[in-house]
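Peer 1: Encoded as structure tokens, here's the structure I'll be asking about.
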Amino acid sequence: MPKVTFPESFTWGCATASYQVEGAWDEDGKGESIWDRFSHTPDKVRDGDTGDIACDHYHRYKDDVALMTELGLDSYRFSISWPRCFPDGKSKLNPPGIDFYSKLIDELLEAGVTPFPTLYHWDLPQALQDGGGWANRDTAKRFEEYAFNVVDKLGDRVKRWLIFNEPWVFTVMGYLNGHHAPGIRDASMAMRTTHIVNLAQGMAARAMRETGNVEELGSAFSMTGAYPASSGEDDRAAAERRFAFNNLWFLETVQNGRYPDAYVGGTDLARLGVEPDDMQLIKAPLDFIGINLYTRSVVAHDPQEPNLGGRDAPVDGVERTEFGWEVYPEALHDVILRIWNDYKLPIYITENGCSYSDAPDERGVVDDQRRISFLQRYIAQVARAIDEGADVRGYYLWSLMDNFEWAFGYSQRFGITHVDFETQERTIKQSGYWYRDVITENGFSY
Ligand code: NOJ
């Protein structure tokens, strides 16, 4: 039985996001977000599900912190809803909104759980979307103000912050293929949004540091292992371009003030809408890198694809989660080592987990052995990367509890706690008890 151990200072946590768990979508002065608008529009989300109530975490946060204590978490990663704090995205503060996060932070600290907030996990104020959203450079300015104000108000008790969650996903899914809010399909607009989000990240990073409250600053980037379909030079080059676009598009920029080489024939800065001095604004080196990783892609060279010159090669006969993602634990090790070697910054695994729909049996037990097996294999790869020299400081499991899985609504369950969405009853799954023991022992055997 291999034994997997972690450094004593290693942080164990769970992650969630505001729209996915809070509910209370229009309470206490909260403004409408693009996800409220999107989920209230017919045919956008499976089964017409919305985040109107979600896990009702807004009202049940005390019970949920108690749940975290039961699981023995060191830390909790959550996100702050911009329209809850600033209903129209501009400077007028909604005191009850920010107060909710203030109370949550106090409750966490009281329970000995370190708060790890993300400023933006996709719920843009709809009022800003009405002005163009992330396609309007003014949104970067508004985000800079929002970031300053939140850190100014909550930073007396929070030292480690994340700016964005998965900027690649919310720009590509929101503006290129329209699967996510705001549901736009416009390739050239999508390219420009990536640049404006990069600008916003650099501007917010400086503003957050100006408060004097920040000790450690990062973003959580969606990363995927990108492996060539063959050992041929063309496939290898295509996989490299995919790695650059998926994993580095918002990281190489903030660290080094340049776009990575993802495009066949180089990056067209005019197409991105880059203006003079933008790259200096974008460069604002982070203190750590957050990696969200679930699976890998296998990439084949495709000369018909004019941008990245590649496509996903089919991968047959492999193990997949219920979400359809391939289970490929080595990708976590490989990506950590590559990012560590290239950037030499501390790393947090800000998300990793899997969707399986196991429900309580007649004894009330949720026996989700497939999740335990998934977690054992992925977390072992984190330990392997640490043994090989990578400075990985923590692991945040997605998710603390089943929640609203975006366009898939409640049909996908990623939690280590089962949520009955009719009654809001929480039931810790077997994987939750397993994770509690991992935290107690700072490791596991399997
Ligand atoms: C990434 C996102 O950050 C999170 O919101 C989502 O629920 C999980 N992955 C699972 O898809």
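Peer 1: Can you report the principal axis dimensions of segment 201-262 using only the alpha carbons, biggest first, rounded to whole angstrom?
Peer 2: That gives 50, 19, 11 Å along the principal axes, largest extent first.
Peer 1: If you average the sequence gap of Cα pairs under 8 Å that are 6 or more apart and divide by the length of segment 145-228, what percent do you get for the contact order?
Peer 2: On the way: 105 pairs, mean separation 38.1, N = 84.
Over segment 145-228, the number comes to 45 percent.
Peer 1: DSSP loop GluC sites (Glu not before Pro) in segment 157-252 with at most 12 other Cβ atoms within 10 Å of their Cβ, which ones? Each step should come with its number before you reach the end.
Peer 2: Details: sites: Glu210, Glu215, Glu216, Glu233, Glu240, Glu252; in loops: Glu215.
Passing both the DSSP loop test and the Cβ count: Glu215.
Peer 1: A further question follows. Compute a Gaussian network model of the chain, connecting alpha carbons closer than 10 Å, and tell me which residue from Ala380, Ala15, Ala313 fluctuates the most.
Peer 2: Maximum among the listed residues: Ala313.
Peer 1: Between rounded, prolate and oblate, where does the chain land on the alpha carbon gyration tensor, with a ≥ b ≥ c its root eigenvalues, rounded for a/c under 1.5, else prolate if a/b exceeds b/c? Mind showing how you got there, number by number?
Peer 2: On the way: a/c = 1.35, a/b = 1.06, b/c = 1.27.
Rounded, since a/c falls under 1.5.
Peer 1: Over the chain, with a Gaussian network built from C-alpha contacts below 10 Å, which listed residue (Leu332, Leu272, Leu119) shows the highest mean-square fluctuation?
Peer 2: Most flexible of the set in this elastic network: Leu272.
Peer 1: Computed on alpha carbon atoms, what radius of gyration and Dmax characterise segment 109-184, expressed in Å?
Peer 2: For segment 109-184, the Cα radius of gyration and maximum Cα-Cα distance read 14.5, 43 Å.
Peer 1: If all Cα-Cα distances of segment 1-81 are sorted into 10 Å bins from 0 onward, what percent lands in each bin, rounded to whole numbers?
Peer 2: 15, 38, 25, 15, 7, 0
Peer 1: Can you give the three extents of the C-alpha atoms in segment 190-319 along their principal axes, from longest to shortest, in whole Å?
Peer 2: Computed over segment 190-319, the largest-to-smallest principal extents equal 51, 36, 22 Å.
Peer 1: With the Cα gyration tensor of segment 368-416 giving a ≥ b ≥ c as the square roots of its eigenvalues, does the rule (a/c under 1.5 for rounded; else a/b larger than b/c for prolate; else oblate) give rounded, prolate or oblate?
Peer 2: Numbers: a/c = 3.42, a/b = 2.10, b/c = 1.63.
Prolate.
Peer 1: Let me ask something else about it. Calculate the spin-label point distance for Asp186 paired with Lys103, positioning each point 7 Å from the Cα along the beta-carbon direction, and give it in nanometres.
Peer 2: Output for this residue pair reads 4.0 nm.
Peer 1: Keeping all protein chains in place, calculate the accessible area per residue for the chain (probe 1.4 angstrom), answer in Å².
Peer 2: On the way: 16580 Å² over 446 residues.
Normalised by residue count, the accessible surface of the chain is 37 Å².
Peer 1: Hey, another quick one. Label segment 227-385 by shape, choosing from rounded, prolate and oblate, from the square roots a ≥ b ≥ c of the eigenvalues of the Cα gyration tensor; if a/c is under 1.5 it is rounded, and otherwise prolate applies when a/b is larger than b/c, oblate when it is not.
Peer 2: It comes out prolate by the Cα gyration axes.
Peer 1: Now for a different question. For the chain, what's the relative contact order in percent, using C-alpha pairs closer than 8 Å and at least 6 residues apart? Walk me through the numbers before you get to the answer.
Peer 2: Details: 952 pairs, mean separation 79.9, N = 446.
In percent, rounded to a whole number, it is 18.
Peer 1: Sticking with this structure for a sec: Counting only residues 5 or more places away or on other chains, whose amide H sits under 5 Å from the amide H of Ile163 once H atoms are built in the peptide plane?
Peer 2: Leu119, Gly218, Ser219, Ala220
Peer 1: Could you tell me how many cubic angstrom of Cα convex hull volume segment 250-325 has per residue?
Peer 2: Values: hull volume 9.8 nm³, N = 76.
Spelled out: Cα convex hull of segment 250-325, divided by residues, is 129 Å³.
Peer 1: A further question follows. Would you mind working out the magnitude of the charge dipole of the chain relative to its Cα centre, with +1 at each Lys and Arg C-beta and -1 at each Asp and Glu C-beta, to the nearest 20 Debye?
Peer 2: For the chain, the charge dipole is close to 840 debye.
Peer 1: Limiting things to C-alpha atoms, what are the Rg and the maximum Cα-Cα separation (Dmax) for segment 301-439, in angstroms?
Peer 2: Rg, Dmax (Cα atoms, Å): 17.5, 56.
Peer 1: Please give the FRET efficiency for Glu330 paired with Arg393, using the beta carbon to beta carbon distance and R0 = 22 Å, rounded to the nearest 0.05. Write down the numbers at each step before the final one.
Peer 2: Numbers: r = 21 Å, r/R0 = 0.96.
Efficiency, from the Cβ-Cβ distance: 0.55.
Peer 1: Still on this structure: I need the trypsin sites (Lys or Arg not before Pro) found in segment 166-210, filtered to DSSP loop residues with at most 13 other beta carbons within 10 Å of theirs. If you can, show how the numbers build up before the last one.
Peer 2: Values: sites: Arg185, Arg192, Arg206, Arg209; in loops: Arg185.
Those that pass, being in a loop and sparsely packed, are Arg185.
Peer 1: GluC sites (Glu not before Pro), restricted to segment 1-64: which are DSSP loop and have at most 15 other Cβ atoms within 10 Å? Please report the intermediate quantities before stating the final value.
Peer 2: Numbers: sites: Glu8, Glu22, Glu27, Glu32; in loops: Glu8, Glu22, Glu27, Glu32.
Taking segment 1-64 and a limit of 15 other Cβ atoms within 10 Å, the loop GluC sites (Glu not before Pro) found are Glu8, Glu27.
Peer 1: Measuring from the lowest to the highest alpha carbon on each principal axis, how far does segment 1-155 reach, largest first, in angstroms?
Peer 2: 55, 40, 30 Å, listed from the longest principal axis down.
Peer 1: Please list, or write none, the aspartates and glutamates whose alpha carbon is within less than 16 Å of the alpha carbon of Lys62, excluding same-chain residues fewer than 8 places away.
Peer 2: Result set, ordered by chain and number: Glu22, Glu70, Asp99, Asp106, Glu107, Glu110, Glu425.
Peer 1: Figure the gain on full extension for Asp287 and Arg236 (residue separation times 0.36 nm, minus the Cα-Cα span) and round it to one decimal in nm. Before the final figure, lay out the partial values.
Peer 2: Details: separation 51, 0.36 × 51 = 18.36 nm, distance 3.07 nm.
Fully extending the segment from Asp287 to Arg236 adds 15.3 nm.
Peer 1: Report the label-to-label distance for Asn256 and Lys92 in nanometres (one decimal), using points 7 Å from each Cα along the Cα→Cβ vector.
Peer 2: 4.5
Peer 1: Also, I was wondering about something else. Run the accessible area of the chain with a 1.4 Å probe and give the carbon-and-sulfur part as a rounded percent.
Peer 2: Working: 7770 of 16580 Å².
Percent of accessible area from carbon and sulfur atoms in the chain: 47.
Peer 1: Let me ask something additional. Between Asp367 and Gln424, what is the spin-label point distance in nm, taking each point 7 Å from the Cα along the Cα→C-beta axis?
Peer 2: 3.1
Peer 1: Under the rule of -39500 (n - 2.57) per DSSP H run of 4 or more residues, summed and divided by the residues of the chain, what mean residue ellipticity at 222 nm is obtained, to the nearest 500 deg cm²/dmol?
Peer 2: Working: 16 runs with 172 residues, N = 446.
After summing the helix terms and dividing by residue count, I get -11500 deg cm²/dmol.
The values are calculated or read from the model by the stated rules, or taken from the named source; none is laboratory data. Source: prediction; values computed, not measured. As a convention, Cβ positions derive from the backbone with ideal geometry for all residues, glycine included, and neighbour counts pool all protein chains shown. Side chains included, ligands, DNA and RNA excluded: accessible areas come from the protein's heavy atoms. Shrake-Rupley method; radii C 1.70, N 1.55, O 1.52, S 1.80 Å.
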